[in-house]
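I have placed the structure first, in the form of structure tokens, so that the comments after it can refer back to it.
No value in this document is a laboratory result; all are computed from the given coordinates. Owing to the predicted nature of the structure, the values given are computational and were not obtained by experimental measurement. Using ideal geometry, Cβ is built from the backbone for each residue, glycine included, and neighbour counts are taken over all protein chains shown.
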Amino acid sequence: MKKLFTSALIIMALVACKEEASTKTVVETQSNEVELTKMKLYGEDFKNQAMLTSFELGDIYNNLKPGDTINVSFEGNVEEVCQEKGCWMQVDVGAADPVMIKFKDYAFFVPKDIKDKSVMVHGVAYVSETPVDEQQHYAADAGKSQEEIAAINKPKRSFSFMASGVKIAQ
């Protein structure tokens, strides 16, 4: 009888320890899920990527030449977004002009009301020259006045980005 009682105690102790461990795992999992839901994903997911600040990306852009590309993930704040359908956004990188972000294969768009929101972006950074007509098109999409659109009269070197995935703070 004593052996049966001792065995029962050992089994109860093991079960109690096992339940405690699984509870901790559930709590940790729920905590991680809460963290993940603070950002809404658009496009392809990206995890375990080294995340640069927008200003670190700005430093990289200053060293890129037209034709150079670099795969990178960064975070920053949205300065402007396409008001027609969310097909592009601009993010501050600490340069004179923000980076123009388009979405790979037009596979996704972002909400039109994300100005000033924090974003994480993954994709390819590159330098391009934006022609006058394209600059005017973006200005019209952003809701600029006719005077502002007409003032655009020369091509400009632009920091560009082709995003495969975007996470937006909720």
- Message: Using each residue's phi in the range 135-150, evaluate 6.51 cos²θ - 1.76 cosθ + 1.60 at θ = phi - 60° and report the 3J(HN,Hα) Karplus result to the nearest Hz, with x for Gly and Pro.
- Response: 4, 5, 4, 4, 5, 5, 4, 7, x, 5, 6, 4, 5, 5, 5, 5
- Please sort 132-140, 94-102, 145-153 by packing, taking for each peptide the average over its residues of neighbouring beta carbons within 10 angstrom, highest first. 94-102, 132-140, 145-153
